Each structure stands twice: as structure tokens, then as C-alpha cells.
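J.: This structure is in C-alpha cells; I'll ask about it shortly.
The values are calculated or read from the model by the stated rules, or taken from the named source; none is laboratory data. Everything numeric in this text was worked out from a predicted model, so none of it was measured. Cβ placement follows ideal geometry from the backbone for every residue including glycine, while neighbour counts extend to all protein chains displayed.
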Amino acid sequence: MRLVLPLMIGFTLLVGCSRENTKPADRGEVEPSQRDRNLEESVDTPEMHAYPSPKSWEHANDRQRKRALRSFDQLKERNAPVYPGPLFVDDDEEVTLQSPQDVARRTLVLWAVELRAEGISQEEAIELIEGLELWDSVSPEEKRFLQDDDPDPTESQELVWRLESIWVLLWALGYVEELNWPSGMCDVPRLVEILKPNESNPAFITDAKLRSKAEILDAQDLIMRIHWAIRDAHLNHGGIIPDDLDWSQDYNAVSVTMSAAVGVVDQRHYTLNWLVKFLKPKDWDHVDTPT
């Protein structure tokens, strides 16, 4: 399990560091910093957030309003802050999804890139790409990384987060039953269990099928709103969020820069926007995630 062990060790260290860093240091009588005050206020004075009524959204249709309400139902369970004005994803009739075969190809490309980032040889990674003739599906940045004899360790560490993108694509292809609340990383052993026997299997591409457009747009709408809450915390609330993205009760406050959930949300939003061809990106490297 060359892939799983380093990742899970790294994730354990990340979570351990994030929790440790939320404990105030022993400074005696020193005045608490603004960051400490932000942490205390976040935990001790939870704010009950208001939710707008989509009925007043002039440019949204009934389907978009209902989709927003479904997202609000999940957000309310966790008292997550939401953007007070109109905010909605494109309507079903305006969206053309990536083809099932392209989604399957993208999954396998990300898998090869991820394995290379985890330390398999360049030759092995390229064999995975060439085995199913995937070079046309490799983005320019991915091609540069795969063809680098000695990739930068920092870039490799960042690419480990693409596991979350793979998880979303496996969900879209029906291999994963549901996308849980993004409070922590995906089920890596399950991901490996799905992809290892399919990494050289042509049927993984030819027989690929997607979930309904409505399900994918529901997921996009929800993750867009969660991503907005994180960015709002970063810009306006001292950069402090619950470590599990649950604002409904006393929580372990953590900086957005130390939260594993932030990385999960970022990758999930990126991948769902790619799936629905949001703003028609020219390739995988140029997906946008505005909120």
C-alpha cells in the first residue's frame, strides 16, 4: 500500500498539528493576540446565521431556487454562514456535462499523477498513461510534472490533494455511493480498492456512466456555498473556522490555513466545476471556483 501509508501518516500529522496549534500557549500575563481572541469568540459566542429566501431571486428559475433550498437544509443543520444575496449554479438546461468517457479518462490521469507524486517511478506512471492511450487527456501542467525526472517535493505534496478530485469523479461515475459532508479526507483505502484493478482496464472508460445532471448540480451548489463560508471566514472573521465545518455547536476552532477540510472543499469545488464545464475551461489546469 505504497500510496495509502504515506498519505495517511501525512494526514495524521496534519490533523495533529492543526489541533495542537489551536491550544493557547502559556504566556503568563501577556495580552492575548488577535488570533487567540478570534478563536475564543468563535467557540464561546456562536452566531445563529440567517438564510435568505430564494423566492426573491429575480434571475433564478424555480429549479434553481429549489436546489438552493436543498443546500440550505444541509447548511442549516450545521449553522453554516451563507451569502445573503442571490447565488446559484447554472440551470440544468444550460449545462452540458463532461462525457462519461472523458470523466473516466480524467480519473485515470489523476490516478497516474497522484501515484507519481507519492513516489512511483516516472516509467511506471507513464506506462499507466500510455497503456490506455491517455496522453490526449493529460493537461499541460500534468504533462510537465510527469515528464520531470526529479519533480519538486513541494509540488508532489500539493498534488496529493488530487485524491479528493479522484473521489468526486468516482462518485460521479457511480463507484462511490455519496459525497459526505466535507469535514475530512476521503476514504483512501476504498479509493485504491476501486482504482487498482481498473488502472489498466479499457472497460473502465468504454463502459463509463455518469450520475444524473441534477445530482451533480446539487453537489456543485452545496460545495459552492460551503466554499463561500470558508472564504468569508478568511476575509472577514480572522480566518477561523470549525475543524469539521460545523458551526452549530461548540467546536474545535482552527485556522483556514491549517484545516484539512479546506483542502477537501477546494478540490471538490474545482472538480465539480470541471464536471459541469463551468465557464468552459480550456483544460483541467484552468478551472475557476468563484463564490
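J.: If you check P6 against the conditions, is it at pLDDT below 50, more than 21 Å from W171 (Cα to Cα), surrounded by fewer than 17 Cβ atoms within 10 Å (Cβ to Cβ) and under 23 Å from the mean Cα position of the chain (by Cα)?
T.: Values: at pLDDT below 50: yes; more than 21 Å from W171 (Cα to Cα): yes; surrounded by fewer than 17 Cβ atoms within 10 Å (Cβ to Cβ): yes; under 23 Å from the mean Cα position of the chain (by Cα): yes.
The answer is yes for P6.
J.: Turning to a different aspect of this structure: Filter segment 252-291 down to the residues that are surrounded by 18 or more Cβ atoms within 10 Å (Cβ to Cβ), within 23 Å of D187 (Cβ to Cβ) and in contact with a strand residue (DSSP E or B) (Cβ under 8 Å, 6 or more places away or on another chain) and list them by number.
T.: Residues satisfying the conditions are V254, S259, A261, V262.
J.: Sticking with this one: Step by step: first the residues of segment 71-103, then only those that are within 18 Å of the chain's Cα centre (by Cα) and assigned to a helix (DSSP H, G or I), then the one that is farthest from W181 (Cα to Cα). Which residue is that?
T.: This residue is V103.
J.: Identify the residue in segment 227-265 that is farther than 21 Å from M48 by Cβ and among the small types (G, A, S) and, among all such residues, is nearest to the chain's Cα centre (by Cα).
T.: By that ranking, first place goes to G263.
J.: Could you please find all residues in segment 114-125 being buried (at least 16 other Cβ atoms within 10 Å of the Cβ) and more than 19 Å from W171 (Cα to Cα)? Working first, answer last.
T.: Step one: of segment 114-125, the residues buried (at least 16 other Cβ atoms within 10 Å of the Cβ) are 114-118, 120, 125.
Answer for segment 114-125, where residues must be buried (at least 16 other Cβ atoms within 10 Å of the Cβ) and more than 19 Å from W171 (Cα to Cα): L115, R116, A117, E118, I120, A125.
J.: Only one of (1) surrounded by fewer than 23 Cβ atoms within 10 Å (Cβ to Cβ); (2) in a helix (DSSP H, G or I) fails for A219. Which number is that?
T.: Answer for A219: the failing condition is (1).
J.: Oh, and also: Restricting to segment 157-175, give me the number of residues that are under 17 Å from W274 (Cβ atoms), more than 11 Å from the chain's Cα centre (by Cα) and assigned to a loop (DSSP other than H, G, I, E, B).
T.: 1
J.: Looking at segment 122-137, which of its residues are under 17 Å from R106 (Cβ atoms), touching a residue at least 24 places away in the same chain (Cβ under 8 Å) and over 25 Å from the mean Cα position of the chain (by Cα)?
T.: Once the filter is applied, which keeps residues that are under 17 Å from R106 (Cβ atoms), touching a residue at least 24 places away in the same chain (Cβ under 8 Å) and over 25 Å from the mean Cα position of the chain (by Cα), segment 122-137 yields G131, L132.
J.: Going through T107, T154 one at a time, which residue ends up being crowded, with 19+ Cβ neighbours inside 10 Å and either among the polar types (S, T, N, Q) or part of a loop (DSSP other than H, G, I, E, B) (or both)? Can you show your working first?
T.: Values: T154 fails: crowded, with 19+ Cβ neighbours inside 10 Å.
None of the other options fit; the residue is T107.
J.: Consider E94 carefully, then state whether it is more than 20 Å from L195 (Cα to Cα) and acidic (D, E). Talk me through it step by step, then tell me what you get.
T.: On the way: more than 20 Å from L195 (Cα to Cα): yes; acidic (D, E): yes.
Here the answer is yes, as E94 does meet what is asked.
J.: Output yes when any residue across segment 136-149 is buried (at least 20 other Cβ atoms within 10 Å of the Cβ), modelled with pLDDT of 95 or more and under 30 Å from D246 (Cβ atoms), and no when none is.
T.: no
J.: Inspect segment 241-262 for any residue being within 16 Å of S165 (Cα to Cα), among the polar types (S, T, N, Q) and part of a helix (DSSP H, G or I) and give the result as yes or no. Spell out how you get there, then give the answer.
T.: Our first condition is that a residue be within 16 Å of S165 (Cα to Cα); within segment 241-262, this holds for 260-262.
Subsequent filtering for residues that are among the polar types (S, T, N, Q) retains none.
Within segment 241-262 (the criterion being within 16 Å of S165 (Cα to Cα), among the polar types (S, T, N, Q) and part of a helix (DSSP H, G or I)), the answer is no, since none of the residues qualifies.
J.: Against the conditions (1) without any contact (Cβ under 8 Å) to a residue 24 or more places away in the chain; (2) acidic (D, E); (3) in contact with an Asp or Glu (Cβ under 9 Å, 6 or more places away or on another chain), where does E141 fall short? Just the number, please.
T.: That leaves (1) as the condition not met.
J.: Please find, among S56, S156, S137, S121, the residue that is among the small types (G, A, S) and over 28 Å from L195 (Cα atoms).
T.: Values: S156 fails: over 28 Å from L195 (Cα atoms); S137 fails: over 28 Å from L195 (Cα atoms); S121 fails: over 28 Å from L195 (Cα atoms).
None of the others qualify; the one that does is S56.
J.: Looking only at residues in segment 184-209 that are under 12 Å from P100 (Cα atoms) and part of a loop (DSSP other than H, G, I, E, B), which one is farthest from the chain's Cα centre (by Cα)?
T.: D207
J.: Just checking, does segment 167-182 include any residue being modelled with pLDDT of 95 or more, small (G, A, S) and on the phi > 0 side of the Ramachandran plot? Can you show your working first?
T.: First, the residues of segment 167-182 that are modelled with pLDDT of 95 or more: 167-182.
So of that shortlist, the ones also small (G, A, S) come out as 172, 174.
Filter once more, so that each one left must be on the phi > 0 side of the Ramachandran plot: 174.
Yes: one or more hits.
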